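Below is one structure, written out as structure tokens; comments come after it.
We did not get these values from a lab; they are worked out from the coordinates using the rules stated. What you are looking at is a predicted structure, and each value in this text was computed from that prediction instead of being measured. Note: ideal-geometry Cβ built from the backbone for every residue, glycine included; neighbour counts use all protein chains shown.
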Amino acid sequence: MSDTFETKTPNRRAFLRGAATAGVGAFAAGSAGAQTPDPLITETQEWAQSFGDGVDATPYGLPIKYEDDVVRRNVEWLTADTVSSINFTPIHALDGTITPQGCAFERHHSGAIELKKEDYRLMINGLVDRPLVFTYADLERFPRENHTYFLECAANTGMEWAGAQLNGAQFTHGMIHNMEYTGVPLRTLLEEAGYETAGKWVYVEGADASSNGRSIPMEKALDDVLVAFKANGEALRKEHGYPVRLVVPGWEGNMWVKWIRRIEVMNAPVESREETSKYTDTLANGISRKWTWEMDAKSVVTSPSPQSPIKHGKGPLVITGLAWSGRGAITRVDVSKDGGKTWETARLAKPGEKMALTRFYLDVDWDGEDMFLQSRAMDETGYVQPTKTQLREVRGLNSIYHNNCIQTWWVRPNGEAENVEVS
Ligand SMILES: Nc1nc2c(c(=O)[nH]1)N[C@H]1C(S)=C(S)[C@@H](COP(=O)(O)O)O[C@H]1N2
Ligand SMILES: [Mo]
């Protein structure tokens, strides 16, 4: 099969037609030149000689053992311990756009807590007519909505500012996940409490020891923020804030407070730790820029990539990746095979959705030569994902957060890929 691939394929469709006749046809005719019979086809296999598992063998299903390398991973040297740490989504091994909760990256400042629904309370206080406390059961009685959004930690790709560092899309770009959330608009709860016109901000905090408090402008709070209790149809996992978390579409992950316990309506921001000494961007002149809430448009080729090398040799190759923007929908993604000299427009699996991951594909006939693979996202505001050089011109070299530059994978003739910098 791979021979046919490499020698006789002027284009993909011709290859697929050729395979159908050369392979299956030759067997049916028993013609000379047919390969050794394939026992996987001609012999009754072990799995067809006895019964498989009955229903209920696994009341809540897990991925099959052959996929057990598709897991979250952390980078040990990044943090001193795993309680205040981060791990990464295996984006190199996933397809489509929805991230299963079981492998969606986690970021905790003081560990993932266990909080029962019965013990859950959500307080709204401050500049409101009626301070209120909701139980979980109360929240379930408000009209709900479903929306799919990405959450990206502001530190995603943060280790790559000075040069190519981590070898894999999981590690360079895996502080992201994309889920379908079910929840109550924060606006509904604020209206229930009767927010006052002097209330220009909300301060949101979690029930964990870190509390992770953040100030959010009232305009955003009333726009699309959700108080969510389901993700991808099921209860939130403990690590993502069970039983209730905040969803702040398009804005940096730190604002998506997990185990949310209190929302205070205020006339000014709190200037908490998480919005001053952290999650600000130190510019070249040493001055730190604050309030960079929106995540700029960004993309990455997820395969081929260092953890997902090409194993089939030259010929038809599916190049794929993810694109997203905190300012709206992705409208276009370009892919370069030569480090940004020339670009081809990729195919979007479906039209980009606002503040959600978009899957792109570029189906190519690989000549087996070196490639410097890049992707470049554009969003509906006309914003184009910058190169690393363009980003450094504005931001200098002291930044950690909000690195949305174009990524390069050097794919070699043997199919292996490496993180390199082509700025
Ligand atoms: N209560 C609380 N909320 C939190 C955090 C936290 O440590 N505690 N971490 C924040 C950060 S920095 C990020 S990036 C996201 C991560 O969400 P996830 O763990 O579901 O991926 O949650 C945010 N919300
Ligand atoms: Mo984060």
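Using C-alpha pairs below 8 Å separated by at least 6 residues, the relative contact order for the chain is 16 percent. Restricting attention to region 143-275, lysine pairs at least eight places apart or on different chains and with alpha-carbon atoms under 14 angstrom apart total 4. For Ser423 and Ser50, a Förster radius of 56 Å and the Cβ-Cβ distance give a FRET efficiency of 0.45, rounded to the nearest 0.05. Taking the three principal axes of the alpha carbon atoms in the chain, the coordinate ranges are 87, 59, 39 Å, sorted in descending order.
For Thr292 and Leu78, the FRET efficiency from 1/(1 + (r/R0)^6), where r spans their Cβ atoms and R0 equals 30 Å, is about 0.90. For the chain, modelled as a GNM whose springs connect Cα atoms under 10 angstrom apart, the maximal fluctuation among Asn146, Asn285, Asn125 occurs at Asn285.
Length available on full extension from Val318 to Glu271: 0.36 nm per residue minus the Cα-Cα distance, which gives 12.3 nm. Cα centroids of region 297-362 and region 228-288: 28 Å apart.
When both bridge partners sit in the chain, DSSP labels roughly 95% of those beta bridges antiparallel. Based on Cα contacts under 8 Å between residues 6+ apart, region 76-289 shows a relative contact order of 25 percent. Can you list the lysines whose alpha carbon is less than 25 Å from that of Lys341, not counting same-chain residues fewer than 8 positions off? Here the lysines satisfying the reach criterion relative to Lys341 are Lys298, Lys314, Lys388. Between the alpha-carbon centres of region 60-136 and region 174-189 there is a gap of 13 Å.
Return the subset of Lys117/Lys350; Lys65/Lys311; Lys290/Lys350 for which the Cα-Cα distance in this structure is over 29 Å, preserving the input order. Provide the component values of the computation, followed by the final result.
Numbers: Lys117/Lys350 37 Å; Lys65/Lys311 21 Å; Lys290/Lys350 34 Å.
Long pairs (Cα-Cα over 29 Å): Lys117/Lys350; Lys290/Lys350.
Summarising the label geometry, the points placed 7 Å from Cα in the beta-carbon direction at Tyr66 and Ala284 lie 5.3 nm from one another.
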